[in-house]
1. In segment A:152-167, what count of residues is obtained for those that are assigned to a helix (DSSP H, G or I), over 14 Å from A:LYS95 (Cβ atoms), in contact with a helix residue (DSSP H, G or I) (Cβ under 7 Å, 6 or more places away or on another chain) and within 11 Å of chain B (Cβ to nearest Cβ)?
2. Give the residues of segment A:107-129 that are over 15 Å from A:LEU43 (Cβ atoms), at pLDDT 95 or above and in a loop (DSSP other than H, G, I, E, B), sorted by residue number.
3. Residue under question is B:LYS57, and the condition is that it be within 7 Å of another protein chain (Cβ to nearest Cβ) and either crowded, with 16+ Cβ neighbours inside 10 Å or assigned to a helix (DSSP H, G or I) (or both); does it hold?
4. Which one of these does A:GLU3 not meet: (1) under 25 Å from A:VAL143 (Cα atoms); (2) within 10 Å of another protein chain (Cβ to nearest Cβ)?
5. Looking only at strands (runs of 3 or more DSSP E) that lie completely in segment B:70-141, which have at least 2 residues being hydroxyl-bearing (Ser, Thr, Tyr) and away from chain A (no Cβ under 14 Å)?
6. Just one of (1) within 16 Å of the chain's Cα centre (by Cα); (2) touching a residue at least 60 places away in the same chain (Cβ under 8 Å); (3) buried (at least 17 other Cβ atoms within 10 Å of the Cβ) trips up A:THR137, so point out which.
7. Go over the candidates B:PHE183, B:PHE160 one by one and state the one that is closer than 30 Å to B:ASN93 by Cβ, in contact (Cβ under 8 Å) with a residue 40 or more places away in the chain, touching a Cys at 6+ places or on another chain (Cβ under 8 Å) and among the aromatic types (Phe, Trp, Tyr).
8. With of a type in the set (Ser, Thr, Tyr) and on the phi > 0 side of the Ramachandran plot as the only criterion, which of B:SER50, B:SER142, B:SER84 stands out?
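The values are calculated or read from the model by the stated rules, or taken from the named source; none is laboratory data. Bear in mind that the values here come from a model prediction, so they are computed numbers and not experimental data. Here the Cβ positions follow ideal geometry from the backbone for every residue, glycine too, while neighbour counts run over all protein chains shown.
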Amino acid sequence: MQEKFVLEQFDGESVALSLFSDVKNSREIRQSIVEGNVEAGVLTAALVLAPLQVLAATVKAVHAQKNGRLRTRNVNSEIVYNMSASRSIMDSFSKFGIQDDDEAIVVVTLGDSCAQIETLINGTAVPLSGISEFTDTDRIKKVYKIKDAELSAGSLLDAVVSRIASKEFVSY
Amino acid sequence: MSSTLGASESSILLKQGAESKIHAVTFLGLPTVVKERFPKTYRHPALDASLTRERMKAELRAIAKCRQIGVRVPVIYFVDEQKSSIYMEHIQNSNTVRDFIQKVQAGSGDAQRLLVPLMAKVGAIIGTLHSNNLIHGDLTTSNMLLLEPAADANIILIDFGLSYVEASAEDKGVDLYVLERAFLSTHPNSEELFAHIISAYQEANKKGLREVMSKFEEVRLRGRKRSMVG
């Protein structure tokens, strides 16, 4: 049920996004991530608006890795960090990373490391196209600090992607 | 499903300026322009790197601020700090306001009636920038894109390479003066149109307006004197 994208810019490296609902073992998944046993970025689905948002965060992470400029432990944690407009790593993780009580999550895997995480998840794979059912737009506006005036100049996704792309340079 | 993302191999040079090159590419599957600031070989490399970074940062901040106050700007997709490149939305189905005005003025059609509301929109946008203390720095009708259909007067501001935040009436006056000079040389005999920009501006930027307008007059005179002396 994963959707695959090819990062042509980075030697054809591919990234796969998959969405899971009714996840029963988020706490266990989070523990495995903390222990370094998960080769994937795992996001709370409520703060995911569209694939483009996750891809913008992923491109930054892969680029940072290739240039030896990761700010977090590895490229997967970097994806979670990049989802946030904040430069605080702790803050980014506590908002965008998987939480113990999450029932819907988005899994981002680079290259061919997909299979292994999926066996760990006790939940239902659903098509990524159904993401909006799990998105909490009010929380997105709050977390990214997006006011109504800004939404007269473009979509919520425009506002979010712009923040992700320029997070090192702009404070909100 | 699999789609190809990232910048495509083929890129088209759109513009080569003194500070930067602008290419059209596809990025994350979307039409994108890349603005790359290239190194200046006459500057000390360390100074050049920090100046370039500061300018890129100022540009990104101005774009972000515009969006926050409701002024349409391109979406930022990616920033490559090592290459001093900003990847942003390539606005489709648009003309520059410059081309639109020229096309309308060259014809004798019905489109003339679109110009006054369009100028009102331009003035309102600049007034919004200034009331938020944002100076564009390079206001020209080429740096304003008009989306189709033109009747909607949907304008997107571009090129914030010279933008900065400043509250002073002097800087706002100069910003208006730069626009006036550019406007009247690009669109000769269009003083009346320009007056519509100014009156809409006055509606949108009431705070400290008197000082801004008197600085605008002052800079105008200063400019005229300079050109007479040579």
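1. Restricting attention to segment A:152-167, the residues satisfying the condition of being assigned to a helix (DSSP H, G or I) are A:156-165.
Of the ones still in play, those that are also over 14 Å from A:LYS95 (Cβ atoms) are A:156-159, A:161-162, A:165.
Now restrict to residues that are in contact with a helix residue (DSSP H, G or I) (Cβ under 7 Å, 6 or more places away or on another chain): A:156-157, A:159, A:161-162, A:165.
Add one more test, that the residue is within 11 Å of chain B (Cβ to nearest Cβ), and what stays is A:157, A:159, A:161-162, A:165.
So the count comes out to 5.
2. A:ASN122, A:PRO127
3. Criteria met by B:LYS57.
4. Checking A:GLU3 against (1) under 25 Å from A:VAL143 (Cα atoms); (2) within 10 Å of another protein chain (Cβ to nearest Cβ), the one that fails is (1).
5. Answer list for segment B:70-141: B:94-96.
6. (3)
7. One residue alone meets the criteria, B:PHE160.
8. On the way: B:SER50 fails: on the phi > 0 side of the Ramachandran plot; B:SER142 fails: on the phi > 0 side of the Ramachandran plot.
Going through B:SER50, B:SER142, B:SER84 in turn, just one is of a type in the set (Ser, Thr, Tyr) and on the phi > 0 side of the Ramachandran plot: B:SER84.
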